[in-house]
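Working notes, beginning with the structure itself.
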Amino acid sequence: MAEYQTITLERRGSVAVITINRPDKLNALNQQVHKDGVAALDELRQDETVRVVILTGAGEKAFIAGADISEFADQTPVTQRDLFNQRTLFNTIDTFPKPVIAMINGFCLGGGNELALACDIRIGSETARFSQPEINLGIMCGGGGTQRLARLIGEGRAMELCLTGDMIDAPTAHKFGLLNHVFPADQLEAETLRIAAKIAEKAPIALQLTKEAVKFASKSNLDEGLRREVDLFALCFSTEDKTEGVAAFLEKRKPEFKGR
Ligand code: COA
């Protein structure tokens, strides 16, 4: 198993938990976090026993407090652009074939919020706080903040958050649709694992195709999206899991999906 410098990777049955582990820097995203995170996802991509991934931050204070600002000083426009065009956690999670859940346990700022936005589901503690504070540094979002946030919570709300850099609390993030669920801090992990385990019982190929189809909704017009959906739906009919799912229903038993 690979060794990682800035993250930990733990398997809990069919759910894997990636924890960004720089609590003294509030889990700020430096280049090594991207490298380790992408390598961990590559490991989990190959691991048939893992069906759902949870991404979180170490400690009680932060999920991720943004990009590591100390790395900004030496960046030029060319190196910065090049970095974002490589494999990052943002684009790797976006196209990862298994569902990824952000478990947000504190500050979720800048690149941290952009990473949460790249995930498929966001679950937060009551103490979580959210912002896109790049504007306070004289820059703007670069990890998808203006695009994914506007699509998820609407242009007006995203515009205000990105223009002001204001922080919002978890109930507000929930009301905006940024968070799927909010739980008391001491229940966050158990509740997130419960939701992950529920998803992990489903047929893996159908999960992968569903993620692809839902993500396509924000990239296409309705006709293109409906065509893509029917193609992916048809693809499900080539799987053993479809045969098992239908048989289990008719035989009034629980299906056992194998990812084939
Ligand atoms: N990049 C690099 N280091 C960061 C960081 C970031 N985004 N966010 C926090 N840290 C570091 C701090 O420099 C500090 O390190 P130090 O102990 O070596 O000085 C440590 O994490 C703890 O942060 P601190 O600021 O002391 O905690 P706080 O409770 O007073 O404030 C925040 C918490 C989140 C409000 C504050 O850290 C902050 O504003 N961070 C930057 C957020 C940001 O602008 N992110 C977007 C970047 S594009």
| note | Expected vector for region 86-99, Karplus 3J(HN,Hα) from phi with 6.51, -1.76, 1.60 and θ = phi - 60°, integer Hz, x for Gly and Pro, equals 7, 6, 10, 4, 4, 6, 6, 5, 4, 9, 5, x, 10, x
| Amide hydrogen neighbours beyond the local backbone of residue 52, cut-off 5 Å, H modeled | 16
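Share of Cα-Cα pairs in region 69-200 beyond 22 Å, in percent? Don't skip to the answer; put the middle values down first.
Values: 3297 of 8646 pairs.
Roughly 38 percent, rounded to a whole number.
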| note | note: region 159-260, Cα-Cα separations exceeding 20 Å make up a percent value of 61 percent
| task | Arrange the peptides 129-136, 237-244, 250-257 so that the one whose residues have, on average, the most other Cβ atoms within 10 Å appears first. | result | 129-136, 237-244, 250-257
| remark: Amide H contacts under 5 Å for residue 67, restricted to residues at least 5 apart in sequence or on another chain and with H modeled in the peptide plane, are 29, 111, 112
| query | Can you tell me the Rg and the Dmax, both Å, for the Cα atoms in region 128-180? | reply | 10.3, 31
| request: For the chain, just list the percent of Cα-Cα distances falling in each 5 Å bin from zero outward, please. | output: 1, 6, 12, 17, 18, 17, 13, 8, 5, 2, 1, 0, 0
| Whole-Hz Karplus ³J(HN,Hα) for region 242-259, in order, using 6.51 cos²θ - 1.76 cosθ + 1.60 and θ = phi - 60°, x for Gly and Pro? | 5, 4, 5, x, 5, 4, 4, 4, 5, 8, 6, 9, 7, x, 10, 8, 10, x
| request: For region 19-129, state the semi-axes of the equivalent ellipsoid (square roots of 5 times the eigenvalues of the alpha-carbon gyration tensor), sorted largest first and rounded to whole angstrom. | output: 21, 19, 11
| Ordering of 116-126, 216-226, 100-110 by packing [mean C-beta count within 10 Å, highest first] | 100-110, 116-126, 216-226
| Long-range HN-HN contacts of residue 62 with modeled amide H, under 5 Å | 107
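Could you tell me which of the pairs 98/175; 25/219; 175/254; 98/252; 35/254; 98/254 are separated by over 32 angstrom between their Cα atoms in the structure shown? Each step should come with its number before you reach the end.
Working: 98/175 27 Å; 25/219 35 Å; 175/254 35 Å; 98/252 28 Å; 35/254 40 Å; 98/254 22 Å.
In this structure, 25/219; 175/254; 35/254 lie more than 32 Å apart at Cα.
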| request: Using the Karplus curve 6.51 cos²θ - 1.76 cosθ + 1.60 with θ = phi - 60°, work out ³J(HN,Hα) for each residue of region 178-191 in order, rounded to whole Hz, and write x for Gly and Pro. | output: 6, 9, 6, 9, 10, 10, x, 3, 6, 10, 4, 5, 4, 5
| field | Partner aspartates and glutamates for residue 61 [C-alpha distance under 15 Å; skip if fewer than 8 residues away on the same chain] | value | 24, 126, 169, 186, 189
| Taking the Cα centre of region 95-164 as origin and charging only Cβ (+1 Lys, Arg; -1 Asp, Glu), how large is the dipole, in debye to the nearest 20? | 160 debye
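None of the figures in this text is laboratory data; all of them are computed from the coordinates on show. Quick caveat, the model's predicted, so the values are computed rather than measured. Don't worry about glycine lacking a Cβ; one is built from the backbone with ideal geometry, like all the others, and counts go over all protein chains shown.
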